[in-house]
Amino acid sequence: MKLAFWTVTRGAGNIAREYKEQLQGNLKDYDIDVFTLKKYDVENTIQIEDFTANINEKFSWYDGHIFIMASGIVIRKIAGLIGTKDKDPAVLLIDEGKHFVISLLSGHLGGANELTYLLAGTLNLIPVITTSSDVTGKIAVDTISQKLNAELEDLKSAKNVTSLIVNGEKVNILLPENVKMNGKSSADGFVLVSNKKNIEYTRIYPKNLILGIGCKKDTKAEDILSAIEDCLNKNNLDIKSVKKIATVDVKENEKGLIEATKSLNLDLEIISREEIKKIQDQFEGSNFVEKNIGVRAVSEPVALLASSQEGHFIEMKARYNGITVSIYEEELKIYE
């Protein structure tokens, strides 16, 4: 997780540098930058001339921003940078007196509330959370989505259902069976029994599908996209639940595959042939493929290796005129 501290005074700059040292000593997975004004010459920080220009440029670069300054300054500076709650980074405030850490923006989906509690415990600060669901001890729909590492169908219905929860109305949450016990991580349908004429509902798409792709050299992006669409449709799966695409290292510069992945706004994970060789005997192999690239199979092993390896294949290998598509479904878990 990438975090940025922002300061505009010498005192705040020294505090931010101190906090970075404490956090990195306790939280190994965090990559933290500290921005200070050059005129204060705070050592071991990124010294900048123009605070406004830098926050405008780097707002989307980080998962979370922590401002040690007055809330009014922060609100005015980021007002034009705010987009939607499912895209905005977490924004936190810490007072220069080192008393409070406040969750200001993107409390649920952006993780600001969770980060606020984390910083409060690590830095000995008092956490301030203002979202209704949290302060009343109730759970919001976007929090459920975050805990499932999933995607909301739309923000409006999520807001409407969360409002019902906060106001004390009865809301049933239909989760995949394996969230409660053991079972499949997706359902083909559900039966809603209610005497209500109008009922609010929303949907969450779990990000638990890995696509393994193999293709011939110079395969066009549109052909790869068509193969992916057909394979997902055949299995009644939604592209919104695809977590990433994986392929073999020899295809890491394949233009069509790169373009197809980018058009879907997904990451392309590259799996080495050495890793594939360790497990390729589990899958149907091809002498022709082995002769050309050195491994006997591509789409199935890369899908498995790019996953948590806790789940199962929905589609072992679908063939589309020089393209192979495999779909691995990870077991759905709630992340604490």
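The values are calculated or read from the model by the stated rules, or taken from the named source; none is laboratory data. Bear in mind the structure is a predicted one, so any value in this text is a computation, not a measurement. Ideal geometry is used to build each Cβ from the backbone, glycine not excepted, and the neighbour counts take in all protein chains shown. Only protein heavy atoms, including side chains, enter the accessible area calculation; ligands, DNA and RNA are left aside. Shrake-Rupley method; radii C 1.70, N 1.55, O 1.52, S 1.80 Å.
Select the helices (runs of 4 or more DSSP H) contained entirely in region 196-290, then report the ones holding at least 3 residues which are out of contact with any Lys or Arg (no Cβ under 9 Å at 6 or more places or on another chain) and open to solvent by 90 Å² or more (accessible area, probe 1.4 Å).
221-234
Mind checking which residues of region 61-84 are acidic (Asp, Glu) and either part of a strand (DSSP E or B) or modelled with pLDDT of 95 or more (or both)?
Once the filter is applied, which keeps residues that are acidic (Asp, Glu) and either part of a strand (DSSP E or B) or modelled with pLDDT of 95 or more (or both), region 61-84 yields nothing.
Matching residues to (1) among the aromatic types (Phe, Trp, Tyr); (2) within 20 Å of THR130 (Cα to Cα):
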{"position": "TYR30", "(1), (2)": "yes, no"}
{"position": "PHE35", "(1), (2)": "yes, no"}
{"position": "LYS39", "(1), (2)": "no, no"}
{"position": "GLU49", "(1), (2)": "no, no"}
{"position": "ASN56", "(1), (2)": "no, no"}
{"position": "ILE75", "(1), (2)": "no, yes"}
{"position": "ALA79", "(1), (2)": "no, yes"}
{"position": "ILE94", "(1), (2)": "no, yes"}
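If I go through region 12-40 residue by residue, how many of them are open to solvent by less than 30 Å² (accessible area, probe 1.4 Å) and assigned to a helix (DSSP H, G or I)?
Residues meeting the conditions: 6.
Tally up the residues in region 18-34 that are of a type in the set (Asp, Glu) and farther than 18 Å from ILE46 by Cα, please.
1
Within region 240-284, count every residue that is touching a residue at least 24 places away in the same chain (Cβ under 8 Å) and over 17 Å from ALA306 (Cα atoms).
9
Would you mind finding the one in LYS58, LYS87 that is in a loop (DSSP other than H, G, I, E, B), under 19 Å from the mean Cα position of the chain (by Cα) and without any contact (Cβ under 8 Å) to a residue 60 or more places away in the chain?
LYS87
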